[in-house]
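First comes the structure, then the notes that go with it.
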Amino acid sequence: MKPRRVGMARGYEEMDGANVPRPPGSVGAVGGAAGADSTTGVAGNVSSVTAVGGTMLAGTAPEFELASVSVVPDDTYTVTQAVNALGFGWFQVKLSLCVGLCWMADSMEMTILSVLGPALHCDWGISRYQQALVTTVVFLGMMLSSTFWGHLSDRYGRKPALTLCGVLLFLYGLLSSVAPSFGWLLLLRGLVGFAIGCVPQSVTLYAEFLPTKQRAKCVVLLDCFWALGACFEVALALAVTPTLGWRWLLGLSAAPLFIFAIITPWLPESARYHVTSGQSDKALNTLEQIAKDNRRPMLLGRLVVEGPSGSRGSLKALLGSSLRRTTLLLWFIWMSCAFCYYGLVLMSTELFGGKNKTIIDRGMAVDDGITIDCQPLATTDYMDLLWTTLAEFPGIFATIYVIEKFGRKKTMALQFLFYAGCVLMITVTEVRVLLTIILFMARGVIAGLFQAAYVYTPEVYPTALRSVGVGGCSALARLGAMATPYIAQVLFQSSIWSAVTVYGIFAACASVACMLLPYETRGADLAH
């Protein structure tokens with residue numbers, strides 16, 4: 001596009017026959033400048049006025065005003081058009097690193113649950129149900145807070161919500177490491193879960209700055225930071241837990257949260273949020289920053305809202321006639337996805353840790369002489385957990401290819417079916433190498449599936465409902481994650497067949513739900 005001339009006010013677009021110097025006495029067509037009333041009809045007697053090519057014929061009155069010419073402006077653009085035109089560049093790279101750090105910290109707080117339960121089981125002698133409760137209370141906090149963070153993001157913006165999230169996560173994560181009792185630990189981990197409920201808003205912010213062609217690939221690649229965080233947490237647990245204990249592990253795991261809290265002031269605010277909330281100047285500033293970082297010419301013209309704004313942040317709108325089916329199916333898909341993903345993570349620890357079961361006599365520490373079956377993880381267990389966690393990387397790249405070739409719906413449906421087959425194979429072998437391979441494949445496919453859901457959900461909801469839509473799905477996902485410890489840690493101990501059958505049934509039903517989704521969003525604009 002042509003560069004903006006010096007002195008030309010923002011809001012003009014350089015077009016042939018528009019915004020060019022006119023000879024004295026001539027009048028140019030109004031090009032949609034911000035604040036100009038370009039749709040006002042000609043007042044008074046204008047029979048002698050004829051507009052040709054943006055100029056007036058001879059004989060018109062020189063005092064005739066620009067605003068009195070009836071012109072329909074065509075030099076407007078939306079945020080979606082601007083983001084697509086400015087492309088992917090240094091701005092998106094910086095945003096990827098910031099959001100990726102947030103995603104990495106979230107992954108570490110989730111992965112630590114698979115190590116914390118067995119450690120507390122040995123250290124404090126908690127029961128299996130209490131061990132499952134440590135996991136459940138985190139997801140309970142996440143479920144209760146997801147809608148809250150969605151409303152907060154829609155009202156005050158994505159950036160303030162993520163800033164508050166980073167500060168609270170670091171604070172509660174650090175306090176968890178010095179919890180004096182099991183009750184205090186439950187409370188603090190629940191507050192950690194409450195803060196984590198805001199993390200999905202980082203994906204919403206990220207997706208809104210991605211061009212349509214690169215959006216799916218970039219959002220899926222964001223899962224690399226999740227996988228990196230999970231691997232880092234397992235490695236940290238291997239280095240810290242056997243010698244320093246779980247308290248040091250909790251404290252050191254809060255370090256990425258501290259870094260994220262420091263860099264959040266440099267996060268950009270969503271341009272779509274600014275436009276839909278009537279702050280077009282701030283949106284233009286953000287778009288100009290994208291143009292500068294990506295070394296692209298800024299679009300000229302008037303920035304307009306993409307579609308009707310509707311009711312912002314309304315849960316009722318998600319269940320309206322046009323979105324009800326999509327919302328209900330997505331809620332079940334997200335719930336099943338979290339149920340299956342975290343169930344596999346917890347089952348992996350149970351499968352590997354169960355090989356090291358020992359009986360510890362705590363009679364000297366407790367008057368009535370309680371004995372517990374302690375299952376400390378050995379170095380080989382941590383290494384096998386690390387191998388299965390590394391499966392998320394090939395799962396991510398495979399999802400990138402499949403999601404563009406077959407679409408979002410079919411990709412998620414196929415991945416659910418593949419996961420169901422893998423978990424049912426767990427019962428057919430006790431050979432550790434084969435078991436690790438099966439868990440590797442299952443972990444890779446369910447990790448890619450989770451990210452595919454993160455791609456589809458922001459695409460299917462309009463801008464005004466995007467945050468609350470993602471937040472609502474996240475809340476239902478936490479409901480599935482709350483239930484999964486009682487299957488993966490409690491039921492699994494009594495009957496492996498029963499546990500894996502439950503996961504297989506949920507995955508199969510979710511596969512059907514994916515195919516019943518009414519919209520395929522591959523290649524669609526994010527605004528619609």
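Give the residue that is nearest to L169 (Cα to Cα), with candidates limited to residues of the range 251-261 that are in contact (Cβ under 8 Å) with a residue 60 or more places away in the chain and assigned to a helix (DSSP H, G or I). Give the derivation first.
At the first step, the residues of the range 251-261 found to be in contact (Cβ under 8 Å) with a residue 60 or more places away in the chain are 251, 253-254, 256-261.
Restricting the remaining residues to those that are assigned to a helix (DSSP H, G or I) gives 251, 253, 256-261.
On the way: G251: 12, S253: 11, P256: 10, L257: 6, F258: 8, I259: 11, F260: 10, A261: 9 Å.
Among those that are in contact (Cβ under 8 Å) with a residue 60 or more places away in the chain and assigned to a helix (DSSP H, G or I), it is L257.
In the range 166-178, which residues are without any contact (Cβ under 8 Å) to a residue 40 or more places away in the chain and surrounded by 21 or more Cβ atoms within 10 Å (Cβ to Cβ)? Before the answer, list the steps.
Start the filter on the range 166-178 by keeping residues that are without any contact (Cβ under 8 Å) to a residue 40 or more places away in the chain, which leaves 168, 171-172, 175.
Within the range 166-178, just Y172 meets the criteria.
Among all residue pairs at least 6 apart or on different chains, which show Cβ distances below 6 Å where the first residue, located in the range 88-100, is over 13 Å from V203 (Cα atoms) and at pLDDT 85 or above and the second is not hydrophobic (A, V, I, L, M, F, W, C) and not in a helix (DSSP H, G or I)?
F88/P211
Just checking, how many residues over the range 253-285 are closer than 30 Å to P180 by Cα and crowded, with 19+ Cβ neighbours inside 10 Å? Before you say what the answer is, go through the steps one by one.
From the range 253-285, those closer than 30 Å to P180 by Cα are 253-262; that's our starting set.
Checking which are crowded, with 19+ Cβ neighbours inside 10 Å leaves us with 253-254, 256-257, 260-261.
The qualifying residues number 6.
Tell me whether the range 447-465 contains one or more residues that are acidic (D, E) and farther than 29 Å from D381 by Cα. Lay out the reasoning, then the answer.
So the first thing to find is which residues in the range 447-465 are acidic (D, E), and the list is 459.
When the remaining residues are screened for being farther than 29 Å from D381 by Cα, the result is 459.
Yes.
Given the condition buried (at least 18 other Cβ atoms within 10 Å of the Cβ), within 14 Å of Y341 (Cβ to Cβ) and of a type in the set (D, E, K, R), answer yes or no: does some residue in the range 408-415 qualify?
No, the range 408-415 has no match at all.
Do you know which of the residues in the range 404-438 that are at pLDDT 85 or above and of a type in the set (V, I, T) is nearest to A513 (Cα to Cα)?
My answer is T411.
Of all residues in the range 189-206, which are under 18 Å from M110 (Cβ atoms) and assigned to a helix (DSSP H, G or I)? Even if it seems obvious, please write down each step before you answer.
In the first step, residues of the range 189-206 are kept if they are under 18 Å from M110 (Cβ atoms); the result is 189-203.
If the condition is that a residue be under 18 Å from M110 (Cβ atoms) and assigned to a helix (DSSP H, G or I), then R189, G190, L191, V192, G193, F194, A195, I196, P200, Q201, S202, V203 are the ones that fit.
Suppose we keep only residues that are farther than 19 Å from E269 by Cα and out of contact with any Phe, Trp or Tyr (no Cβ under 9 Å at 6 or more places or on another chain) within the range 286-303. Which one would you say is most open to solvent (accessible area, probe 1.4 Å)?
R296
Answer with yes or no whether Y401 is under 22 Å from C224 (Cβ atoms) and touching a residue at least 12 places away in the same chain (Cβ under 8 Å).
Numbers: under 22 Å from C224 (Cβ atoms): yes; touching a residue at least 12 places away in the same chain (Cβ under 8 Å): no.
No: the conditions fail for Y401.
In the range 206-218, is there at least one residue being open to solvent by 50 Å² or more (accessible area, probe 1.4 Å), closer than 16 Å to S467 by Cα and in contact with a helix residue (DSSP H, G or I) (Cβ under 8 Å, 6 or more places away or on another chain)? Break it down stepwise before answering.
Going residue by residue through the range 206-218, those that are open to solvent by 50 Å² or more (accessible area, probe 1.4 Å) are 213-214, 217.
Checking the rest, the ones that are also closer than 16 Å to S467 by Cα come to none.
No: the range 206-218 contains no residue that is open to solvent by 50 Å² or more (accessible area, probe 1.4 Å), closer than 16 Å to S467 by Cα and in contact with a helix residue (DSSP H, G or I) (Cβ under 8 Å, 6 or more places away or on another chain).
Which residue, of I505, I487, is surrounded by fewer than 17 Cβ atoms within 10 Å (Cβ to Cβ) and either in contact with a Cys (Cβ under 9 Å, 6 or more places away or on another chain) or not in a loop (DSSP other than H, G, I, E, B) (or both)? Full working, then the answer.
On the way: I487 fails: surrounded by fewer than 17 Cβ atoms within 10 Å (Cβ to Cβ).
One residue alone meets the criteria, I505.
In the range 226-250, which residues are more than 17 Å from T389 (Cβ to Cβ) and either of a type in the set (V, I, T) or part of a helix (DSSP H, G or I) (or both)?
If we filter the range 226-250 for residues that are more than 17 Å from T389 (Cβ to Cβ), which is where we start, we get 242-248, 250.
Scanning the range 226-250 gives P242, T243, L244, W246, R247, W248, L250.
Condition test on L434, is it over 15 Å from G343 (Cα atoms), in a helix (DSSP H, G or I), aliphatic (A, V, I, L, M) and open to solvent by 10 Å² or more (accessible area, probe 1.4 Å)? Give the steps one after another, and end with the answer.
Values: over 15 Å from G343 (Cα atoms): yes; in a helix (DSSP H, G or I): yes; aliphatic (A, V, I, L, M): yes; open to solvent by 10 Å² or more (accessible area, probe 1.4 Å): yes.
Here the answer is yes, as L434 does meet what is asked.
Specify which of the listed residues (F440, F450, F418, F397) is part of a helix (DSSP H, G or I), open to solvent by 10 Å² or more (accessible area, probe 1.4 Å), closer than 24 Å to V199 by Cα and touching a helix residue (DSSP H, G or I) at 6+ places or on another chain (Cβ under 6 Å).
On the way: F440 fails: closer than 24 Å to V199 by Cα; F418 fails: closer than 24 Å to V199 by Cα; F397 fails: touching a helix residue (DSSP H, G or I) at 6+ places or on another chain (Cβ under 6 Å).
Just a single option satisfies the conditions, and that option is F450.
Could you count how many residues in the range 207-225 are at pLDDT 85 or above and part of a helix (DSSP H, G or I)?
Count: 1.
The values are calculated or read from the model by the stated rules, or taken from the named source; none is laboratory data. Being a predicted model, the structure only gives us computed values, none of them experimental. All Cβ positions, glycine included, derive from the backbone under ideal geometry; neighbour counts span all protein chains shown. With ligands, DNA and RNA removed, areas are computed over all heavy atoms of the protein, side chains included. Shrake-Rupley method; radii C 1.70, N 1.55, O 1.52, S 1.80 Å.
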